[in-house]
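Trainee: Here you go, one structure.
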Amino acid sequence: MQSLVISIMGKDKPGLVDAVAKSVYKHQGNWQGSSFAHMAGMFTGFVEVHVPEEEKQALIEALDAIKDLSVQSVAVTSADNTLPTKLIVDVMGNDKTGIVQELTSVLHQFNLNILTFSSHCESAPNWGSLIFKAKAEIAVPETFDDGELQDALEALANDLVVDITATR
């Protein structure tokens, strides 16, 4: 079996995921995992599938033929199946330009790998401004002390609330 990571993007409309799923099924693929989102009228996401080697090219061609959908795929030759030690980092504070860059810079300073990252802004009912919320799942060394990370993240702004949860 060949592992493929497929990314998709297109103007949002019903049936996009179904079209991808039907193509994967038709080419004997096994859907391993996925993440999809609607943003600014666009539908985007990615999926990992395992497909027989002899079906790989036909699946890629079938995905490319889906109308109004931009599709890219990458064959993964070797996957590291070891489970990393993980932390979940939840952040909330007033929105400001550059906040994502500041957060990711701190994670990079600690040489941490971001496994998942999601963020959004929402209205703060009593403040008249936007609240930024983010959640990151990061891989950390087995003996990582998250106290220094929490201090570094909270030092970015005096209104930033940081919650770190170990999932070891």
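Rule-based calculations on the coordinates, nothing more; no lab input. All values derive from a computational prediction rather than experimental measurement. Glycine also receives a Cβ, built like all others from the backbone with ideal geometry; neighbour counts cover every protein chain displayed.
Trainee: So what's the angle, to the nearest 10 degrees on a 0 to 90 scale, between helix 99-109 and the longest Cα principal axis of the chain?
Mentor: Rounded to the nearest ten degrees, it is 90.
Trainee: Now, a different point. Mind jotting down the three principal axis lengths of region 85-166 based on Cα atoms? Whole angstrom, largest first.
Mentor: On the principal axes, region 85-166 reaches 42, 22, 20 Å in Cα extent.
Trainee: With the cut-off at 18 Å, report for region 2-76 the share of all Cα pairs above it, as a whole percent.
Mentor: Values: 814 of 2775 pairs.
Result for the distance tail: 29 percent.
Trainee: So, one more: Can you list residues whose amide H is under 5 Å from D12's amide H, if they're 5+ apart or on another chain and H is modeled 1.01 Å from N?
Mentor: Here M42, F43 satisfy the definition.
Trainee: Using only alpha carbon pairs under 8 Å that are at least six residues apart, calculate the relative contact order of region 37-143 and give it in whole percent. Present the calculation step by step, with values, prior to reporting the outcome.
Mentor: Numbers: 103 pairs, mean separation 28.9, N = 107.
The normalised contact order for region 37-143 reaches 27 percent.
Trainee: Separate question: Hey, got a sec? Which trypsin sites (Lys or Arg not before Pro) in region 62-104 land in a DSSP loop and have at most 11 other Cβ atoms within 10 Å? Walk me through the numbers before you get to the answer.
Mentor: Values: sites: K67, K86, K96; in loops: K67, K96.
Listed in order of number, the matching sites are K67.
Trainee: For region 32-91 and region 92-151, write down the distance between their C-alpha centroids in whole Å.
Mentor: After rounding, the separation between the Cα centres reads 24 Å.
Trainee: Mean residue ellipticity at 222 nm from the helices of the chain, using -39,500 (n - 2.57) per DSSP H segment of n ≥ 4 over the full residue count, to the nearest 500 deg cm²/dmol? All intermediate terms of the calculation are to be shown ahead of the outcome.
Mentor: Numbers: 4 runs with 40 residues, N = 168.
My calculation for the chain gives -7000 deg cm²/dmol from helical runs alone.
Trainee: Taking only pairs that are 8 or more places apart or on different chains, how many Lys pairs in region 30-159 have Cα atoms under 30 angstrom apart?
Mentor: 6
Trainee: Report the semi-axes of the equivalent ellipsoid for the chain in whole Å, largest first, where each axis is √(5λ) for an eigenvalue λ of the Cα gyration tensor.
Mentor: After diagonalising the Cα gyration tensor, the semi-axes are 36, 22, 11 Å.
Trainee: Measure nothing but the geometry: give the 0 to 90° angle between the long axis through the Cα atoms of 16-26 and the longest principal axis through the Cα atoms of the chain, rounded to 10°.
Mentor: Computed tilt is about 50 degrees.
Trainee: Go through region 97-168 and name the GluC sites (Glu not before Pro) that are in a DSSP coil and have 12 or fewer other Cβ atoms within 10 Å of their Cβ. Display every interim value, and only then the final one.
Mentor: Numbers: sites: E102, E122, E137, E142, E148, E154; in loops: E142.
Qualifying residues, ordered by number: E142.
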